[in-house]
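Heads up: the structure comes next, in structure tokens.
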Amino acid sequence: MESLTFVKSLASSIRTLETNLTLAETKARAARAEQELEAVKRSLSQLEATVMARDAKISELTYELGGQILRAENAEKTLEEVRAREAKKLWNSNFVGFNVGCEFAFC
């Protein structure tokens, strides 16, 4: 009877040890997972910072490009206005020359 009690006690102790070992393994895996999670969080923070910096640069370049486009449009408009004035001057000078020529030629 004592040997049966001893075997039962030993079996119980083995189950307890197995449970404790499983628990210890689980805690070790959880600790590793926690460390990996922290590493992932750090990487994510770095990526977020990189993305924010790139977004800021894109915004800056977009603003600069918009200014350049506006200046180009204004320059094109000014060039068209200058060409129109020059064409009008040329037309007027040809018309005046035509009138003077007609007066001398008795048109």
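Just to confirm, what accessible area per residue do you get for the chain at 1.4 Å probe, in whole Å²?
Counting only protein heavy atoms, the per-residue value for the chain is 92 Å².
How large is the helix-only mean residue ellipticity at 222 nm for the chain, computed as the sum of -39500 (n - 2.57) over DSSP H runs with n ≥ 4, divided by its residue count, in deg cm²/dmol to the nearest 500?
-37500 deg cm²/dmol
For R29 and E81, compute 0.36 nm times the residue count separating them, minus their Cα-Cα distance, and round to one decimal in nm.
Length difference between fully extended and current span is 11.1 nm.
For the modelled label position 7 Å from the Cα of A53 along Cα-to-Cβ, which residues of segment 26-46 have backbone nitrogen atoms closer than 17 Å?
So the set is 42-46.
Using only the Cα atoms of the chain, what are the Rg and Dmax in Å?
Reported Rg and Dmax, both Å: 45.2, 152.
Rounded to the nearest 10 degrees, what's the angle between the helix 2-105 long axis and the longest principal axis of the chain, both from Cα atoms, 0 to 90?
It is inclined by approximately 0 degrees.
Give me the percent of the accessible area of the chain that comes from carbon and sulfur atoms, probe 1.4 Å, all protein chains in place.
The C+S portion of the solvent-accessible surface of the chain is 64 percent.
The values are calculated or read from the model by the stated rules, or taken from the named source; none is laboratory data. Treat the numbers as computed from the prediction; the structure is a model and nothing was measured. Counting neighbours? That spans all protein chains shown, and the Cβs are built from the backbone with ideal geometry, glycine included. What goes into the accessible areas is simple: the full protein's heavy atoms, side chains included, and nothing from ligands, DNA or RNA. Shrake-Rupley method; radii C 1.70, N 1.55, O 1.52, S 1.80 Å.
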